[in-house]
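The values are calculated or read from the model by the stated rules, or taken from the named source; none is laboratory data. Note that this is a predicted model, so its numbers are computed, not measured. Note that each Cβ is placed from the backbone with ideal geometry, even for glycine, and that neighbours are counted across all protein chains shown.
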Amino acid sequence: MCQVNGETFSPKLEPQIIHGKACVKCEKDSVIVVGTNGTFCKDCFEVYFSHKFRASMGRNPLVRHHDKVALAYSGGNNSSALLNLIKKGLDPATVKKLKFTPGLIFVDERILYPSDDYEKVKEIEEIMRNTGFPYHIVKLEEVGAMCIYTLYIGIVYLIVNHICFNVNVMFKKEIPFLNHVIFIIDQVFSTEDTDEKMTNAEKLEKLFNSITTLTSKQETLYRLRCYLLSRKAKELGYDHVFMGETSTRLAINILSNFSLGRGVHLPQDTGFSDGLRFEGVGVKLLRPMREMSMKEIAVYNALNKVPTVFLPNLATSQSVTSSVQNLTENFILGLVAGFPSTEMTVFRTSNKLHGKNDEKKSRGCCRLCFGAIDTECGTAQATALRHTLFSEAIN
Ligand SMILES: [Zn+2]
Ligand SMILES: [Zn+2]
């Protein structure tokens, strides 16, 4: 529910308190309903929320004492809640103080959006400065300087090894979700585009202008952002990156990934850690908020008056059917409204799925998403790639 505040819309900050129902922990009156986990009073909700975060970290003990951890901060609800949890966890008065050293990385993606949100980025910088943690603002276009060499090697690798894709066909026809590959191949081999006078910002703009579907744009942006965060964190001396992805977001990603033929990389894309995806290139991306739902995060932020800043993204003001990701999001959120346990069902089911190629094999990895190569499929296997190739053959 939103309220008009001057010229901007802001979320209503007071969570709904229900009287006449008891807290499941301490039986106090006046409680907050949280998904399917029952009703809590304010104090018990704080304990429950913080415990979920710590339990997730405890079950996946990848962060050691005195590790440096970069939080991928965007100003949004999820990363703001995570930042607040870390600040509280590092407070000397906390019973079990967190032992790692945090820093913040904000990826500035304004190059992709026509609106000038200079003030909002200033606001985000102000929030980061107020935490007292070291913070870094990284422009998305910096990925251009990092990518070109690895992409070049990767593309040569793909061609030399006669991967199933027919490159000639790719140049002549648009294959959904892979048209960014065509552009990059074109960019590497054409003399005009390798002109050194072209800035990274121009290259990135050209890349996104060449992608015709919103689905591919969203997917490409997500991959570039992950790569940039992992690589930049390593450069800055961090050991891990914390992402703010919640169970709701991961449930959406799980179904989107299946739709995009990326099911084989599910454990890396939705697990607590992204495994060996960026091994040698960057640090691991960890998801300590993966057990929490979007609703729990919203309630936590409202109770603690956590400041958040909304920045537009590729999906802003786009229709539900404009991309696979938007449609899946609408589907999941629609189900969650009526059946709150849906997201956890999708999310927990995916935890039990393991692809054959969930870690890098001797065949190498994709140089765009850094996932294990899964293009070697036998004739008996029914895969998304075989389906695509079959469609190409009969057209
Ligand atoms: Zn209580
Ligand atoms: Zn890939």
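For this structure, a couple of remarks:
- Selection of first residues in the stretch 310-325 that are closer than 22 Å to Ala81 by Cα and of second residues that are outside any loop (DSSP other than H, G, I, E, B) and among the basic types (Lys, Arg), restricted to Cβ pairs under 7 Å at least 6 apart or on distinct chains, gives the following pairs, ordered by first then second residue: Leu311/Lys120.
- When Thr383, Thr342, Thr379 are screened for being modelled with pLDDT under 65, over 23 Å from Arg231 (Cα atoms) and more than 13 Å from ligand 2 (Cβ to nearest atom), only Thr379 passes.
- Residue identified as surrounded by fewer than 22 Cβ atoms within 10 Å (Cβ to Cβ), touching a Phe, Trp or Tyr at 6+ places or on another chain (Cβ under 8 Å) and of a type in the set (Lys, Arg) among Arg225, Arg231: Arg231
- Looking across the stretch 87-113, just one residue is free of Cβ contacts under 8 Å to residues at least 60 places away in the same chain, assigned to a helix (DSSP H, G or I) and of a type outside the set (D, E, K, R), and that is Gly89.
- Selection of the stretch 217-244 for residues being outside any loop (DSSP other than H, G, I, E, B) and within 18 Å of Ala315 (Cβ to Cβ) yields Lys217, Gln218, Glu219, Thr220, Leu221, Tyr222, Arg223, Leu224, Arg225, Cys226.
- Residue in the stretch 353-363 that is more than 16 Å from ligand 2 (Cβ to nearest atom), of a type outside the set (S, T, N, Q) and modelled with pLDDT of 75 or more present: yes
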